[in-house]
Amino acid sequence: MAMMLPPIKNRQTGWRLFLMTVIGRSYPRVVGMQRELSWIFFDTFLPMLGVVAYVFVYRAIKAPEDYVGFVVVGGAMMAYWMNVLWSMSSQLYWEKETGNLALYIISPGPMMGILLGMAMGGLFATTLRALGIVILGSLFFQVHYVIVSFWQLFLVFFLTMVALYGLGMMTASLYLLLSREAYHLSNLAQEPIFLISGFYFPIKSFPAWVPFVGSIIPLTMGMDAMRQLAFASGPSLGWISVKLELIGLVVLSVLFLVSARVLLDYMERLAVREGRLTESRA
Amino acid sequence: MNSKTPNGSVAWRSFRMATWLGWKIESNWTDPFLFTVYSIVKPLAAAMILVVMYGVISQGQFGSPVFAYLFIGNAFYQYVGMVMVGVSWAIVDDREHYRTLKYLYVSPISIPFYLLGRGVSRIIITTFSVFIIMLVGVLYLKIPFDPAKIDWVLLIISVIIGIIMLAMLGLLLAGVTLRMAQYSFNIGDSVAGALYLFSGAIFPLQVLPTFLRPIGYIMPISYWLELIRRALVGGVAAAFPTFSNFSNSDLMLILIGLTIFFGFVSVWAWRKFDWQARERGLIDQTNNY
């Protein structure tokens, strides 16, 4: 005889349901990702390999020491980009592959809450890894920071993360319609983005239109502003003023979060109509 | 397995069909045009990161031997990531994604030759992207590259031996991947990333701290990249102190010796890990990550 589940006494709706959904979806990322020790190692170790290799390139060509710091900060920010790419944008595609997506849609929890939970959990887990990269990289290579303003630096970082994870939430809805090409698209959005966002060098090195186009990725302005605020040579190598970059990041944050909401509704309806929520085209 | 089928025939058939399958998996997710763009943009962007880094510091002095060193090393290093990781990734792909590895094991094929065949499509794609990167280097970045001065024999022999060496390292990695069911996703990228650092692909080994240099000296990839640089830009590459005491013949002998050594190690390791994976029921183990 099937066991009866106890009746739900406090049925959650509205904001309480939204909040519970956020907490419920972020839990596996905050707690679960720390249980898999190999992931912590690889998530820190892999970007560190790139950081170390590029630091040695700068040493080989006798670059000023601040460039070593740029690479370390770029390596830490790369952890966030990889998280957004593979664990936000592609996530609904993976969920579709494993059969969870249909369960998300069926459950009373709002999809925006699920996406926000993924973002907050991912942000927490990635921050631990990014901190590891910054601390290890700074110690190994004796990076010298000259912080102009902690508050501005924190604000830039905060807005960069809001805009970045907003972008992740927005693209996650686009990935709802994708199948096998999702993997390749995410794969393609690595090196070209590292290039145009200036992960390893000041974005000012490019003609002005490149950082302008690259600014659609919040890390472009975020990293440029962080370098200006954290390194002695930063202001002279900055693309535009920190103030303008802060305004740009606010605009991107609002744009991506609103777009995520609109696109998610639209894409969900489209995916339901075209029967793509449960398809798996390996 | 059909006992009447000669082993050589099974090996060839496994290799040939896996090559065809690998090509389909790699390429048929989109139309040929997009696939071509995809195959070029990613490696070219990786090369351009180094170009910009170098250009910013040197104020655009791309004629320098240092630039030729890192540009050529980085271009040909694409083979390492694609071939070595490609062969081993077939295990992850077939076990976790397609969930066909157990069926492959019960079919009349040779698994090692099947894995090697799965890497061939990546060799073709990489050769194409390396060609494009080198073309960009010659046309736009003043790589001191004169077709009349290229040592074609040395280049072709080096590339062939290098691909065999990388495929054998891929088999070794495939064995490790097979054995490590739960942690297999990042093994390939980690090894490729570590070799990028220790093989002198983008900077001379002298730049590494002294205690790390021996790792580069025992890696065949270091000698392989040096031979390719010498074949392509001759004296420019020989100007760097790392292998300046070695002639081309010395480097070739070392590369062949290390390829044979790692080849034996790979076959031995594959057999050992393959047996352990069967014994412990890892052939069809999935973790849904």
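The values are calculated or read from the model by the stated rules, or taken from the named source; none is laboratory data. The structure displayed is predicted, hence computed values, not measured ones. So basically every Cβ, Gly included, is an ideal-geometry build from the backbone, and we count neighbours across all protein chains shown. Note: areas computed on protein heavy atoms with side chains; ligands, DNA, RNA excluded. Shrake-Rupley method; radii C 1.70, N 1.55, O 1.52, S 1.80 Å.
Annotations
- Reported count of residues in the range B:127-139, each being open to solvent by 30 Å² or more (accessible area, probe 1.4 Å) and either within 27 Å of B:Thr259 (Cα to Cα) or outside any helix (DSSP H, G or I) (or both), is 3.
- Checking A:Val22, A:Val31 one by one, the residue that is at pLDDT below 85, away from chain B (no Cβ under 12 Å) and under 27 Å from the mean Cα position of the chain (by Cα) is A:Val31 and no other.
- Test: residue in the range B:253-268 that is open to solvent by less than 30 Å² (accessible area, probe 1.4 Å), under 18 Å from B:Met165 (Cβ atoms), at pLDDT 95 or above and aliphatic (A, V, I, L, M): yes
- Filtering the range A:124-131 for residues that are aliphatic (A, V, I, L, M) and either in contact with a Ser or Thr (Cβ under 7 Å, 6 or more places away or on another chain) or not in a helix (DSSP H, G or I) (or both) leaves an empty set.
- Taken as a whole, the structure places A:Val254 among residues that are at pLDDT 95 or above, open to solvent by 30 Å² or more (accessible area, probe 1.4 Å) and farther than 21 Å from A:Tyr58 by Cβ.
- Failed condition for B:Asp274, given (1) under 23 Å from the mean Cα position of the chain (by Cα); (2) at pLDDT below 95; (3) within 23 Å of B:Phe145 (Cβ to Cβ): (3)
- In the condition set (1) under 17 Å from B:Val52 (Cα atoms); (2) part of a helix (DSSP H, G or I), A:Lys62 is compliant with all but (2).
- Taken as a whole, the range A:36-57 holds no residue that is under 27 Å from A:Val146 (Cα atoms), away from chain B (no Cβ under 11 Å) and over 19 Å from the mean Cα position of the chain (by Cα).
- Matching helices (runs of 4 or more DSSP H) fully within the range B:1-120 where at least 3 residues are touching a residue at least 60 places away in the same chain (Cβ under 8 Å) and open to solvent by 10 Å² or more (accessible area, probe 1.4 Å): B:7-27, B:32-58, B:65-79
- Residues satisfying the stated conditions in the range A:106-123, i.e. assigned to a loop (DSSP other than H, G, I, E, B) and open to solvent by less than 20 Å² (accessible area, probe 1.4 Å): A:Gly109
- Per-region count, the range A:219-241, residues open to solvent by 20 Å² or more (accessible area, probe 1.4 Å) and among the β-branched types (Val, Ile, Thr): 1
- Taking the criterion of being assigned to a helix (DSSP H, G or I), open to solvent by 20 Å² or more (accessible area, probe 1.4 Å) and of a type in the set (Asp, Glu), the residues of the range A:65-101 that qualify are A:Asp66, A:Glu97.
- When B:Ile143, B:Ile124, B:Ile157, B:Ile163 are checked against the criterion of being away from chain A (no Cβ under 14 Å), more than 30 Å from B:Leu34 (Cα to Cα) and either open to solvent by 40 Å² or more (accessible area, probe 1.4 Å) or not basic (Lys, Arg) (or both), a single residue qualifies: B:Ile157.
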